[in-house]
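Structure record follows, encoded as C-alpha cells.
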Amino acid sequence: MVTRVERSESFGEHVVARLESDLRAALRRKPAHENQLAGALRTLCPHSDRLRAALFAAFEVMVRRGSFGRPLYGALARALAESGDQRGSAFFKKALEVDEPGTFATISAVGLSSDPALTAPLARLAGSRHAHIAFAAEIARIARGESAGTQIASLAPRIKESHRIALCAELFVPLTWHTPLAPTVGAALAVLREDERHLGRWLVFAEVAVRAGDGTAIAQARERARLGPESARPAWSLVAWALSANEPPPDVRPTAELLARLSDRPSADRDTTFLFRMAHRRASAARPMLETLAKSSLASEAGLRAALHLARDFGEARWLESLAACAQNARREGLRGLAAAALFDAGDRERATRVASELLSSRQVSTLAWGALLGIPGRKDGEVFVSESRLRRLQFGWVE
C-alpha cells in the first residue's frame, strides 16, 4: 500500500483559509479553475489536518449530491483515501453503490486505501455483471492485497474500447506511482495491450505489468522495435527502453509527433512528457529538443521543464538565471510556482525558497500551492519537487 504521510500543519493560516474558501465556492458553483483547485487540494492534503477536515466535509456533500463526474470529486476521493483517515468510510460505501458516472474514480480511490470497512462493498462490486466495473474493482482489491487476481484475465477480453481508455486514465495511471500489483495481473494487462492502438496507453499498461514482475511487455516492445513496420520502430525502441531500467537509450531523436504518441494523454494534447523522461535519464538524444524548447519559450511549462533538465541533468547552469527570472515575473503568474520549484530542483535552493514566500499571496491557486510546498520545513535529501504527479495535478489539472 502507499506510504502514509505524517500529519502536521506544514503551512500557515493564510494558505489553508484561502483553500477552504475556494473549496466552499466550488461547492456552490463549478469554477473555471476547478481542475487546478482539485490538484492543489490533493497535493496539499497530506500536510494539514485542518485542510483534510475541510476535504472530508466537501466529500460528504459531493457524495450526497451525486456529483461523481466532477474532477473535484475524484481529487477529494483519492486524497482522502491516500491519507489513511477512515472518517469517510460511510460515504465511500455509498459512492461504491453508484453505477455511473464516477465509478472508476471511486474504485481508484478505494484501491489506494487500506480501510477495512471498504473490503466487503468492493468485493460485491467485483461481482458486477458489467465487465469493466468488475475488472476495476478486482484491480483495486489486488492493490489492497485482498485478492489473488486469479479471475481477472477472464474479464479483460470483455472490456470495450471506451472503458479501456477510461480505465487507463482513472485507474492505471495512478497505479504507476504506487505499490506494484501482484504478478497475476500480467495476463489481463496483456489482453488490454493487444487491443490497444494508442502507444501511450499501451505503455501505461506495460509499465504496470513490468512493475508487477511480468516481463512479456518488454519482450513484445523489443520484438516490434526489431521486426515491426519500419516507420514504427523508433517509437517501439523508445518504449522498450522506457520499460527497461538499465538499458542505454536508443539513438532516436524525439519529435513532437513521436512524443505525442508516447504520452498517455490524447494525441491532440501534444503532450511532451516522454521527452522529460528521456532527459531525467540523461538521454543525449533529448538535448537538442530541450534546448529548442528552453530557448523559444520559457513562457510555457514545457520550456521551464526543459530549462530545469538542462541545468540539473546536463550541467548547463546558465539556465538558472532564466528560471529565477520567471519565478519573479509577475506577468507569468501562472508559471511562477513551477519556475521556483524547478529552480529548487536545479540546485539554487536559497533563491527558490526566498521566492516561495512571495508566492503565498498569489491569486493563482497552482502558484500558491507550489509556494506552500516549497515552504514546508524538514525537506528530505534528494527530494524532487517537480515530480510528474505533482506537475500533472498542480499545473495541468490532470487529476488522476
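The values are calculated or read from the model by the stated rules, or taken from the named source; none is laboratory data. All values derive from a computational prediction rather than experimental measurement. When we count neighbours, we look across all protein chains shown, and the Cβ atoms used for this are built from the backbone with ideal geometry, even at glycine. Heavy atoms of the whole protein, side chains included, go into the accessibility calculation; ligands, DNA and RNA do not. Shrake-Rupley method; radii C 1.70, N 1.55, O 1.52, S 1.80 Å.
Of all residues in the range 133-176, how many are open to solvent by 20 Å² or more (accessible area, probe 1.4 Å), part of a helix (DSSP H, G or I) and out of contact with any Gly (no Cβ under 9 Å at 6 or more places or on another chain)?
Summing the residues that are open to solvent by 20 Å² or more (accessible area, probe 1.4 Å), part of a helix (DSSP H, G or I) and out of contact with any Gly (no Cβ under 9 Å at 6 or more places or on another chain) in the range 133-176 gives 10.
Name every residue in the range 220-266 that is outside any loop (DSSP other than H, G, I, E, B), open to solvent by 80 Å² or more (accessible area, probe 1.4 Å) and free of Cβ contacts under 8 Å to residues at least 12 places away in the same chain, in order of residue number.
GLU223, ARG226, LEU227, GLU230, SER231, ARG233, GLU257 - these are the residues of the range 220-266 that are outside any loop (DSSP other than H, G, I, E, B), open to solvent by 80 Å² or more (accessible area, probe 1.4 Å) and free of Cβ contacts under 8 Å to residues at least 12 places away in the same chain.
Hey, could you check the range 313-357 for residues that are more than 25 Å from the chain's Cα centre (by Cα) and of a type in the set (Asp, Glu) and say which is farthest from LEU368 (Cα to Cα)?
GLU316
How about the range 306-319: which of its residues are buried (at least 23 other Cβ atoms within 10 Å of the Cβ) and under 23 Å from ALA235 (Cβ atoms)?
The answer is ALA306, HIS309.
Please enumerate the residues belonging to the range 355-394 that are open to solvent by 40 Å² or more (accessible area, probe 1.4 Å) and under 18 Å from ALA330 (Cα atoms).
SER357, GLU358, LEU360, SER361, ARG363, GLN364
May I ask you to list the residues in the range 36-63 that are free of Cβ contacts under 8 Å to residues at least 12 places away in the same chain and more than 18 Å from SER89 (Cα to Cα)?
none
For the range 99-121, which positions are open to solvent by less than 20 Å² (accessible area, probe 1.4 Å) and either under 21 Å from ALA187 (Cα atoms) or within 23 Å of the chain's Cα centre (by Cα) (or both)?
GLY102, THR103, ALA105, THR106, ILE107, SER108, ALA109, VAL110, GLY111, LEU112, SER113, ASP115
Any residue that is aromatic (Phe, Trp, Tyr), in contact with a His (Cβ under 8 Å, 6 or more places away or on another chain) and buried (at least 17 other Cβ atoms within 10 Å of the Cβ) - is there at least one of those in the range 267-283?
yes
Which condition from (1) part of a helix (DSSP H, G or I); (2) without any contact (Cβ under 8 Å) to a residue 12 or more places away in the chain; (3) touching a helix residue (DSSP H, G or I) at 6+ places or on another chain (Cβ under 6 Å) is the one that PHE274 breaks?
All conditions are met except number (2).
Restricting to the range 15-49, what's the tally of residues that are among the hydrophobic types (A, V, I, L, M, F, W, C) and not in a helix (DSSP H, G or I)?
Of the residues in the range 15-49, 1 are among the hydrophobic types (A, V, I, L, M, F, W, C) and not in a helix (DSSP H, G or I).
Would the range 75-88 turn up any residue that is aliphatic (A, V, I, L, M), in a helix (DSSP H, G or I) and more than 27 Å from VAL15 (Cα to Cα)?
no
Which condition does GLU350 not pass, out of (1) over 21 Å from ARG390 (Cα atoms); (2) open to solvent by less than 40 Å² (accessible area, probe 1.4 Å), if it passes all the others?
Of everything listed in (1) over 21 Å from ARG390 (Cα atoms); (2) open to solvent by less than 40 Å² (accessible area, probe 1.4 Å), GLU350 misses just condition (2).
Considering only the range 298-305, I want to know if a residue exists there that is out of contact with any Phe, Trp or Tyr (no Cβ under 8 Å at 6 or more places or on another chain), basic (Lys, Arg) and surrounded by 20 or more Cβ atoms within 10 Å (Cβ to Cβ).
no
Out of everything in the range 185-197 that is surrounded by fewer than 19 Cβ atoms within 10 Å (Cβ to Cβ) and of a type outside the set (Gly, Ala, Ser), what residue ends up being nearest to TRP398 (Cα to Cα)?
ARG197
Only one of (1) more than 14 Å from LEU368 (Cβ to Cβ); (2) out of contact with any Gly (no Cβ under 6 Å at 6 or more places or on another chain); (3) open to solvent by 50 Å² or more (accessible area, probe 1.4 Å); (4) in a helix (DSSP H, G or I) fails for ARG52. Which number is that?
(3)
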